[in-house]
Amino acid sequence: MSKLAGTLARVLAEAVLGRGRPAAGERFPEGCDETTCFLRLNRYPSCPISADAFGLVPHTDSDFLTVLCQDQQVGGLQLMKGTRWVAVKPIPGALIVNIGDLFQAWSNNRYKSVEHKVMTNAKTERYSVAYFLCPSYDSPIGTCEEPSLYRTFTFGEYRRKVQEDVKRTGKKVGLPNFLV
Ligand SMILES: O=C(O)CCC(=O)C(=O)O
Ligand SMILES: [Fe+2]
């Protein structure tokens, strides 16, 4: 997973910068290694009471990029496309790759961090495995071009602000806090 996530990030970065201009070469995204990235195992119990119960509330991921292996049979993942929620049907053997907030910031909004949520299933529990490509907390999130829409910030600063906002208002604000 870690190799795949790193390779995907570099390929996507090069697509923004143009061929032959590797984004800090093998090191992109800077500050990410096996001690800073993590894997999350999600279990969503079945929920017969309500058809609109969230397994996971709408959110964007705060990392560079997420590689997701969703349940091969039980759907439930939805993402925001324009103004609509679209179901991501499980395809056996397929992985889902989500852009996270840090990649959106680095790419100066060329890539968008996708809002997504998980709905529960009335009868069946669901599992997923998510790998989060994150840098160390002291890593500054650079930009692919100037002028950047975002001021320079570290991942630690970003995480702290997200936690603060959620604690204070119940909602993540995320990137808009860091616009210039
Ligand atoms: O379970 C899923 O399909 C999505 C998981 C997810 O969005 C997350 O762990 O951040
Ligand atoms: Fe997520």
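Every number here is computed from the coordinates shown, using simple stated rules; none is lab data. What you are looking at is a predicted structure, and each value in this text was computed from that prediction instead of being measured. We place every Cβ from the backbone using ideal geometry, glycine too, and count neighbours over all the protein chains shown.
Observations on the model:
- Computed from the C-beta positions of residue 117 and residue 171 and an R0 of 22 Å, the FRET efficiency is 0.95 to the nearest 0.05.
- Each Lys and Arg Cβ is given +1 and each Asp and Glu Cβ -1; about its Cα centre, the chain then shows a dipole of about 480 debye.
- Proximal lysines relative to residue 81, as straight alpha-carbon distance under 22 Å, when same-chain residues fewer than 8 apart are discounted: 89, 112, 117, 171, 172
- Coarse-grained scattering of the chain at q = 0.10 Å⁻¹, given as base-10 log I(q)/I(0) from a Debye sum over alpha-carbon atoms: -0.41
- Cβ-Cβ FRET estimate between residue 56 and residue 143, R0 fixed at 30 Å, reported to 0.05: 0.50
- Nearest 10 degrees, 0 to 90: helix 2-17 Cα axis against the chain principal axis: 60
- Summing Lys and Arg as +1 and Asp and Glu as -1 over all other residues whose Cβ lies under 12 Å from the Cβ of residue 86 gives a net charge of +3.
- Relative contact order (percent, whole number), region 2-178, Cα cutoff 8 Å, 6+ residue spacing: 27
- With the highest mean first, a sort of the peptides 67-80, 3-16 on other beta-carbon atoms found within 10 angstrom per residue produces 67-80, 3-16.
- Distance between the C-alpha centres of region 153-171 and region 66-142: 20 Å, rounded to the whole angstrom.
- All other residues whose Cβ lies under 15 angstrom from that of residue 41 are scored, Lys and Arg at +1 and Asp and Glu at -1, for a net of +1.
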